[in-house]
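J.: Got a structure for you, questions after.
The values are calculated or read from the model by the stated rules, or taken from the named source; none is laboratory data. All figures in this text were calculated on a predicted structure; none of them were measured in a lab. Note that each Cβ is placed from the backbone with ideal geometry, even for glycine, and that neighbours are counted across all protein chains shown.
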Amino acid sequence: MDDNKPPPELQLNNLRATKILGKGATGTVFLVNDKFHNEPFALKVVEISSVHHQVDRRAHHEISVLRRLSASPHPFLPHLIGSSENQDFICWAIPFCPGGDLNVLRYRQNDQIFSPAVIRFYLAEIISALEHLHSQGIVYRDLKPENILVQQSGHVTLTDFDLSRDLVPTKSGDNNFCSDEKPVKIPHRKLTRFFTLKRGKQMLNKGLKKAKSARVSPVSRRNAYDFLTHERSNSFVGTEEYVSPEVIRGDGHEFAVDWWALGVLCYEMMYGTTPFKGKNRKETFRKILFAEPEFIGKPNALTDLIQKLLEKDPTRRLGYRRGAEEIKEHEFFRGLRWDLVTEVLRPPFLP
């Protein structure tokens, strides 16, 4: 599929919303049935704003990313079912994941943490998904448990690509990229009013709330600068506890921000909390910049992986030089058949 080709047009008159799945920074997600399709799907609806044009731009960007992922499919990434736009809203449909998100799944565990074996399973799938995104020149920039959904099969898929960024490869051939876009300012989170699809009665003004995860608002930024001959993205975006040191410093950033977030995610899966959480944003950022992650018990392959991913200097961070291949070679994944990751028939948990 040509990623410049318009996605299939959704026929809204054929849709019936059954419940609200969640509300995020830019829109509301509904579970929707289509009388011409057997399976329900998730419909994300964003109000067109006459004031915050960047919201509209981010919606169009996410649709564009989903078109590209549809043209180059991956089992742990979504595809675009269709989209529609009028003067009031933009909406697009992706497959529904009935297992909820990784944060909800973790809270369902008796001690609200995952075992190393379960962590290894999910990390392998997430790394595979990020590797595919990076190969398409896309830096994700919003990795967190709430954005990792569990499919009917028990495998995961990443979601929410409105904060992602297109980066282009450099001539050097290593895993550093330069931005071909201007930075995008990100507004504070705002809950949109609920969109009511045509149905027998109006949607109740209720919804299932996602776990709290405030995105970072814009801050003053320096101009991008040439770092090792590579200009980098300077947009200040992400979820507070997952933001990398280079983003806080305003140094600009590349694909290494996703590997930092992977380290934070791994720590949270292991201990049930993020490694640098403070009483407020200022303290959280201070810890991200200066504190080291604290571990319980003897060092092991998992704690070593986390430490290498949470390297504050992005040029020394695991994955900086050779991307996902570096991470796949770590001791924690010894014996894992990466070529068979997509063929695992019995995931740890099924919806």
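J.: Taking the condition of being outside any loop (DSSP other than H, G, I, E, B) and surrounded by 12 or more Cβ atoms within 10 Å (Cβ to Cβ), how many residues in segment 265-303 meet it?
T.: The total comes to 18.
J.: Which residue pairs have Cβ atoms closer than 8 Å, lie 6 or more positions apart in sequence or on different chains, and pair a first residue in segment 255-274 that is more than 18 Å from residue 130 (Cα to Cα) with a second residue that is acidic (Asp, Glu) and part of a helix (DSSP H, G or I)?
T.: Pairs found: 274/241; 274/268.
J.: Here's a follow-up. Which condition from (1) over 25 Å from residue 134 (Cβ atoms); (2) crowded, with 20+ Cβ neighbours inside 10 Å; (3) basic (Lys, Arg) is the one that residue 44 breaks?
T.: Unmet for residue 44, out of (1) over 25 Å from residue 134 (Cβ atoms); (2) crowded, with 20+ Cβ neighbours inside 10 Å; (3) basic (Lys, Arg): (1).
J.: Another one. Output yes when any residue across segment 343-351 is under 18 Å from residue 130 (Cβ atoms) and loosely packed, with under 11 Cβ neighbours inside 10 Å, and no when none is.
T.: No: zero hits.
J.: Residue 85 versus (1) at pLDDT 90 or above; (2) under 18 Å from the mean Cα position of the chain (by Cα); (3) of a type outside the set (Ser, Thr, Tyr): which is the lone unmet condition?
T.: The number of the failed condition is (2).
J.: Right, next: Restricted to segment 314-332, and to residues that are in a loop (DSSP other than H, G, I, E, B) and surrounded by fewer than 16 Cβ atoms within 10 Å (Cβ to Cβ), which residue is farthest from the chain's Cα centre (by Cα)?
T.: The selected residue is 329.
J.: Got a number for residues in segment 142-189 being in a strand (DSSP E or B) and either touching a Lys or Arg at 6+ places or on another chain (Cβ under 7 Å) or at pLDDT 95 or above (or both)?
T.: 9
Here's the yes/no breakdown for (1) modelled with pLDDT under 95; (2) among the charged types (D, E, K, R); (3) not in a strand (DSSP E or B):
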{"residue": "51", "(1), (2), (3)": "yes, no, yes"}
{"residue": "76", "(1), (2), (3)": "no, no, yes"}
{"residue": "98", "(1), (2), (3)": "no, no, yes"}
{"residue": "103", "(1), (2), (3)": "no, no, yes"}
{"residue": "106", "(1), (2), (3)": "no, yes, yes"}
{"residue": "114", "(1), (2), (3)": "no, no, yes"}
